[in-house]
Amino acid sequence: MSNIINITVVMDNEKQHDMPERENRESIILTHDSSMTVMSTLLKNGLIQGSFCGGRGDCGRCRIQFLSGAAMPTAIERSVMEPEELRQGYRLACLARPKDSCVIKLAMEDETQLVIVADMIPMADKNDHISQHNKQTIKQKADVIEIDGKEAIIAVDLGTTTIVMQLVELNTGRLIDTCCGMNPQRRYGADVLSRIKASCEGSREALQNCVAEVLEQGVSRFRECLAGSGCTIVGMCIAGNTTMGHLLMGYDVSTLGESPFTPVEIGLQEYPNHGWGFPVWLAPGISAFVGGDIVAGLYALNMLPCSHKEWKEQDTGVIVLIDLGTNGEMAITDGRRMIVTATAAGPAFEGGAGAGVVGSDMVACTAQLLYSGVLDETGLLAEPYFTEGVSVGNPAVRLCNQDMRDLQMAKAAVRAGIEILWIRMGRPQIRAVCLAGGFGYYLDVEAAFRIGLLPQYLRGSVQAVGNTALAGAFRMGRDLYTGAVDRERIGQCLSSIESINLAEQEEFEKLYIEYMEFRQG
C-alpha cells in the first residue's frame, strides 16, 4: 500500500550551479509515492540524468544520503556499501523506497567527461606504436564556411551513449555543421539490456520519442544554418546498433533480450512519419549483435562489395575492423569473404562501473601497473593495494581488484573473438587493423599489446580510424539519394556475410580462459 510523502532534497552550491533554471535555494521539496523508488521522483523532477544499470543496483553509482528518515537498506545495498556508509544513511536511489517523509542529499560521483569523436581519420601508413591521445576531436560546431552546394545530407551516429548529427554537402563531402550530445535514453539505463527491459515494461513510446525529439532539434538547427544559402537537405541516414534502431522505429524489442535473439527487421528501412520532407534511411544490420553502425563503418572503409571499391589482384592479406564499447563488434575480410561477430564487453571499455575511468585510460593504467609490479599477470593487486585499491590519474581515481577483473573479462572476450575470426579466415597475413570509435581513437596501442588485448601478429598494422559509423552514414545516404546503390544491392551484399555467435563456437571458452591473464602473446 502506498501513500504520498515529501522528500526534501538538500542542494549544495555545485548542484545549484548545474541547474540554472531552478531557483537558487538550499533545498527542494518533492512529492513522492512511497511505493516507488527515490530515483523515479528524482528523474521526474530533472535532478538526475538516469540510471546506469536500469535500476538493478549493479553499478552502485546513484548514491544518495538520507539525513533523516532513512529507508531500510536492501540486500544489494548491503553488498555494495560498507557498514559505516549504511549507518551514515547512504543508499541507492534506484532501490530506496522510503515510507515516511525524509531529507536526502545527492551523493553521486561526477561522471567521467566523455569526449565525443565525430570525425573519421583517413587510412594511413602503419603506426600502431603511436598513442592516439594527442589527436583532436571535431568541434561541436564547424567553422563558418561558404556553402557552395545546393544539396546536403544529414548523417547520424545513433549511439547507446551519445548521438552525433552532421550536416554535410552532398557533392563535396564538406562539413557544414555538427551537433552532438548524450543519448536521452540513458535515463532508462546505460546499456541496451536495461533499455530493452524498460521498453518491455511500458516505456517503448517514451524511448522512441526522446530520440525523435533529438533528431527534430538537429533538423531545425541545420535548417537555420542553411537559411538563405539556397542549399536544401535532401536526405538523412542513421547508423546505430540493432537495439537503438528497433527503439527508434518503435518495434517490440523483447526478442532481442533473450535467446535466440531475433530482430524484427534488420534490412535497410525508412524512418516514417517525421514530416521533414526528405527521406530518412536507417542503415541495415547483419544480426541482432552486428548492427547498422558496423555496416556503416564497413561501408566507409570500403570493406563491403557495394561500397564501390574493387580489391586489386596484388592486394594480399585481410583487413580487420574492431569497434569496442559496451559491446565489441569485429569484422574480417579478404575482399571476397567476410566474417563478423560481436561479444559483450560490459562497462570496462566505457569506464568501469566503480572506477569511472574511460576505457582507453583503463588500458593504459593497467599496462603501467603491470610494468611497475603493482599488478600481476593474474590480475591481482599487490599489498597494500590488494585491500585498499590503488589511486591513479589526476584527479586521482581508486582502482580495486574488481575493476581489474572487469577489464580482464572484457579483454578475454574480445581477444578470443579476434582469434576465432582469424582462425576462421585461415590465419592470413594482416594488411590493416582499423580501430573504430572513441575507444580506438584514444587507445595507447602499445598498452593494448602489453595487457594482451591485441595479439602480437597484429603489430605494425593497427591504426585508429575515428567515427566510421558517421562517415558511413553520410556515404550511404549520399549513394542512396543519387541511386549509386539501392535496397536490393545492399541486401545482396550483406546476405553473403557470415555472422558467427561466439558462444556457440567450440573453442571460445578455451580461448577466453587462456586470454584472461594480462600477458603479451
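Descriptive notes on the structure:
- When each of ILE266, ILE319, ILE238 is tested for being in a strand (DSSP E or B) and farther than 18 Å from VAL168 by Cα, the lone residue that passes is ILE319.
- Criterion violated by ALA367 - all others in (1) modelled with pLDDT under 80; (2) open to solvent by less than 60 Å² (accessible area, probe 1.4 Å) satisfied: (1)
- Of all residues in segment 279-296, at least one satisfies being modelled with pLDDT of 90 or more, within 22 Å of ALA155 (Cβ to Cβ) and surrounded by fewer than 16 Cβ atoms within 10 Å (Cβ to Cβ).
- In segment 205-215, the condition of being touching a Gly at 6+ places or on another chain (Cβ under 6 Å) and surrounded by 23 or more Cβ atoms within 10 Å (Cβ to Cβ) is met by no residue.
- When TYR251 is tested against the conditions (1) among the aromatic types (Phe, Trp, Tyr); (2) under 15 Å from PHE474 (Cβ atoms); (3) open to solvent by 10 Å² or more (accessible area, probe 1.4 Å), the lone failure is (2).
- Residue in segment 231-241 that is more than 19 Å from TRP276 (Cα to Cα) and touching a strand residue (DSSP E or B) at 6+ places or on another chain (Cβ under 8 Å) present: yes
- Of the residues making up segment 270-286, none is among the aromatic types (Phe, Trp, Tyr) and within 17 Å of VAL340 (Cα to Cα).
- If you go through segment 170-191 and keep only what is part of a strand (DSSP E or B) and either free of Cβ contacts under 8 Å to residues at least 12 places away in the same chain or open to solvent by less than 40 Å² (accessible area, probe 1.4 Å) (or both), you end up with ILE176, ASP177, THR178, CYS179, CYS180, GLY181.
- Qualifying residue in segment 175-193 (condition: among the acidic types (Asp, Glu) and within 19 Å of ALA288 (Cβ to Cβ)): yes
- Residues of segment 254-263 satisfying the condition of being without any contact (Cβ under 8 Å) to a residue 40 or more places away in the chain, assigned to a loop (DSSP other than H, G, I, E, B) and surrounded by fewer than 18 Cβ atoms within 10 Å (Cβ to Cβ): GLU258, SER259, PRO260, PHE261, THR262
- Checking each residue in segment 103-120 for being farther than 24 Å from ALA471 by Cβ, modelled with pLDDT of 70 or more and in a loop (DSSP other than H, G, I, E, B) picks out ALA107, MET108.
The values are calculated or read from the model by the stated rules, or taken from the named source; none is laboratory data. What you see is a predicted model; the values in this text were computed from it and never measured. Neighbour counts run over all protein chains shown; Cβ positions are idealised from the backbone, glycine included. When the accessible area is computed, the model is the full protein with side chains, heavy atoms only, and any ligands, DNA or RNA have been set aside. Shrake-Rupley method; radii C 1.70, N 1.55, O 1.52, S 1.80 Å.
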